[in-house]
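Structure record follows, encoded as structure tokens.
Derivation of every value follows stated rules applied to the coordinates shown; laboratory data play no part. Nothing here was measured: the structure is a model prediction, and the numbers come from that model. Neighbour counts run over all protein chains shown; Cβ positions are idealised from the backbone, glycine included.
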Amino acid sequence: MTSPVVRRLTPPERYQFGASVRPLLVPKHDPCGVLRDGEFWFASRTPEGPAALHLARAGGDLTATGHGPGARWIADHADAVAGLRDDLGDFLTLSGRHPLVGRLAKTFSGVRLPATGRLFPRLLRAVLEQKVTGKEAHRAYRAICRHFGEPAPVPPGGPALVLPPDAAAVAATPYWVFHPFGVEQRRTQALLRAAHVADRLERCADSTEATARMTALPGIGPWTAAETVRYTYGDPDAVSVGDFHIPNTVAWALAGEARGTDERMLELLAPFAGHRGRVCELLALGGLGAPRFGPRMPVRSFSRF
């Protein structure tokens with residue numbers, strides 16, 4: 001059995017552990033990770049093999065423990081997973097260009113962007129979230145993880161997690177297998193195309209290269225790419241162009257306009273270049289949203305059709 005690898009990490013002042021790592025998990029229940037009682041478990045397929053990362057508060061520090069064949073790799077990347085490689089740079093200065101952003105930046109100054117370093121699991125989730133409700137997407141994600149589930153190398157006493165679906169296994173699966181999971185042919189085909197080139201995508205040096213390669217694939221546009229690179233590389237400038245809600249949220253929060261377009265959103269975010277995605281995250285953390293005037297998108301089921 002592979003020995004655990006342990007690291008001691010020192011977070012910055014006012015670091016908010018839970019809020020920093022929570023975006024890596026699907027809400028309510030994620031088969032590949034869990035955050036509870038100040039501890040975070042996260043399963044990953046690393047270049048060195050399956051791994052499980054355990055992060056726990058230890059006084060003012062974090063203890064990071066890697067388990068499994070990929071223990072060394074996941075432990076070496078534990079600071080990125082915890083968001084400790086996120087460099088705020090000049091953001092606190094830039095945030096002063098709008099009073100609301102400035103206040104949110106101070107309130108949530110301890111929240112950092114995590115970076116998993118593994119692209120395909122996040123891309124899978126982003127494809128599933130295309131043009132459907134979060135409830136639909138997360139239900140499909142859980143079903144797919146259970147279908148492809150392989151136990152993560154969590155030690156006795158830890159949570160029962162599964163590894164994220166293996167890209168090669170996904171690529172070898174007929175599209176109709178995904179139908180009972182609530183995923184129609186269009187999203188399934190986009191996912192299968194990505195799975196076929198997952199090895200190449202994982203070798204991208206940065207978010208710019210990854211975005212270019214992903215958006216060259218049919219069925220993967222700027223929204224999906226941004227949702228992927230934000231948490232694979234911790235890209236603070238990744239803006240989800242094409243989102244149903246975010247343009248309205250930005251327009252309302254920054255200009256008092258109840259509705260916005262992608263073009264208006266990018267115009268309002270321009271003063272925060274380099275951190276535009278971070279501003280959108282802050283608005284979400286602050287619970288801000290534009291007024292709702294219409295019915296919510298219905299939750300659909302494809303499993304019986």
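Counting 0.36 nm for each residue step from residue 267 to residue 284 and taking away their Cα separation leaves a gain of 4.2 nm. Among the trypsin sites (Lys or Arg not before Pro) in segment 73-167, those placed in a DSSP loop whose Cβ has at most 13 other Cβ atoms within 10 Å are 97, 131. Spin-label model, residue 97/residue 189: points 7 Å from Cα along the beta carbon direction are separated by 4.1 nm. Once you charge only the Cβ atoms, +1 for Lys and Arg and -1 for Asp and Glu, what is the size of the charge dipole of the chain about its Cα centre, to the nearest 20 debye? So the magnitude is around 820 debye.
Taking a straight Cα-Cα cut-off under 23 Å and skipping sequence neighbours fewer than 8 places away in the same chain, the lysines within cross-link reach of residue 28 are 131, 135. All alpha carbon pair distances within the chain were sorted into 20 Å bins beginning at 0; the resulting P(r) in whole percents reads 33, 59, 8.
How much net charge surrounds residue 108 when only the other residues with a Cβ under 15 Å from the Cβ of residue 108 are counted, with Lys and Arg +1 and Asp and Glu -1? Kindly include the intermediate steps, with their values, before the conclusion.
Details: positive: 14, 22, 103, 106, 112, 278; negative: 13, 86, 281.
For residues surrounding residue 108, the net value is +3.
Of the residues 161, 9, the one with the fewest other Cβ atoms within 10 Å heads the list, and the complete ranking is 9, 161.
Are there any trypsin sites (Lys or Arg not before Pro) in segment 194-302 that are in a DSSP loop and have at most 13 other Cβ atoms within 10 Å? List them by number. The partial results should precede the final answer.
On the way: sites: 200, 203, 213, 230, 259, 264, 276, 278, 292, 296, 300; in loops: 203, 259, 292, 296, 300.
When the trypsin sites (Lys or Arg not before Pro) of segment 194-302 are filtered for loop state and at most 13 Cβ neighbours within 10 Å, 203, 259, 292, 296, 300 remain.
When 229, 5 are ordered from fewest to most other Cβ atoms inside 10 Å of their Cβ, what list results?
Working: 229 27, 5 20.
Ranking 229, 5 by Cβ neighbours within 10 Å, fewest first, gives 5, 229.
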